[in-house]
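The values are calculated or read from the model by the stated rules, or taken from the named source; none is laboratory data. Only a predicted model underlies this, so the values are computations on that prediction, with no experimental measurement involved. Quick reminder, even Gly has a Cβ in these numbers, built from the backbone with ideal geometry, and neighbours come from all protein chains shown. Each accessible area value is taken on the protein alone, full model and side chains, heavy atoms only, with ligands, DNA and RNA left out. Shrake-Rupley method; radii C 1.70, N 1.55, O 1.52, S 1.80 Å.
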Amino acid sequence: MRVGILGSGLMGGKLGTLFARAGHEVVFSYARSVEKLKKLAKDAKGNARAGTPREAARDADALLLAVHWSRIDGVLSEAGDLSGKAIVTCSLPMNTDDTGLLIGQTSSGAEALAKKVPKARVVCAFNTIPSEVLFGVYEARRRTKRPSLVYCGDDARSKKVAAELIGDVGFDPVDAGPLRIARYSEPFALLMAQLAYEGSEGPELAYRFERFGE
Ligand SMILES: NC(=O)c1ccc[n+]([C@@H]2O[C@H](COP(=O)([O-])OP(=O)(O)OC[C@H]3O[C@@H](n4cnc5c(N)ncnc54)[C@H](OP(=O)(O)O)[C@@H]3O)[C@@H](O)[C@H]2O)c1
């Protein structure tokens, strides 16, 4: 697939690198320097290049949105018309000092995003995983017991795209249902961050869901 990265920081930089290594064509965009984007593309050692958000969005099969919540409107306006695009968002609706969620319980960042781009097809994924685990999960991707990663959305076609990308990075994609389920997965992401950064095990933390009963 052709994957546009909107926000090439900790999440966008790592996921874009892994998408490129998994064989996708990647355009890194939206950082404070073009040199950083070019270096990311070079170091990805796959089919990757640097571009503007508009170039990243053009002809993209999927877009990864990975900016701080305060940058969402800015990056969307730079990306231009996103009608029909599958947008996989890992952006959490955090306040400026990252101490709490701005939206919760009766809505979610993913649903607020979908309202901003009503003609796009939003999937919420990758936000429940600390960026530090991504390369390790990719390295271990051939293991039979892969860590889980939840995703949710209202559009079947874009969910299929997201599930493929999740699998390519080394996770077992777990369909959590419609986009409104992001109301529960976004706070869950903060629990994962709490366990990763405040717990005794350090940030190398991924999770696995197992079904019990019949
Ligand atoms: N980090 C994690 O482990 C993690 C896990 C789950 C979810 N998330 C969520 O994912 C989203 C992205 O997080 P992140 O940690 O990847 O953030 P980040 O490292 O700060 O990356 C954000 C990107 O936006 C760029 N940017 C910021 N201001 C800009 C501006 N004025 N002009 C152009 N580019 C600008 C940054 O540029 P520079 O590269 O030049 O700084 C960076 O590339 C957030 O919503 C976060 O809550 C993060």
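At-a-glance table
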read-out	value
Qualifying residues in the stretch 1-54 (those that are in a loop (DSSP other than H, G, I, E, B) and not small (Gly, Ala, Ser)) - the one nearest to residue 90 (Cα to Cα)	30
Selection within the stretch 171-214 - assigned to a loop (DSSP other than H, G, I, E, B), within 16 Å of the ligand (Cβ to nearest atom) and either free of Cβ contacts under 8 Å to residues at least 60 places away in the same chain or in contact with a His (Cβ under 8 Å, 6 or more places away or on another chain) (or both)	171, 176, 199, 201, 202
Filter result for the condition that a residue is surrounded by fewer than 20 Cβ atoms within 10 Å (Cβ to Cβ) and either of a type in the set (S, T, N, Q) or closer than 24 Å to residue 139 by Cβ (or both), over 43, 61	43
Residue 88 being open to solvent by less than 10 Å² (accessible area, probe 1.4 Å) and not small (Gly, Ala, Ser)	yes
Out of 142, 121, 146, sole residue that is farther than 20 Å from residue 68 by Cβ, surrounded by fewer than 16 Cβ atoms within 10 Å (Cβ to Cβ) and of a type in the set (D, E, K, R)	142
Of residues in the stretch 91-118 being of a type outside the set (S, T, N, Q), more than 14 Å from the ligand (Cβ to nearest atom) and in contact with a helix residue (DSSP H, G or I) (Cβ under 7 Å, 6 or more places away or on another chain), the one most open to solvent (accessible area, probe 1.4 Å)	116
Residue in the stretch 66-79 that is under 24 Å from residue 163 (Cα atoms), open to solvent by 10 Å² or more (accessible area, probe 1.4 Å), among the polar types (S, T, N, Q) and more than 9 Å from the ligand (Cβ to nearest atom) present	no
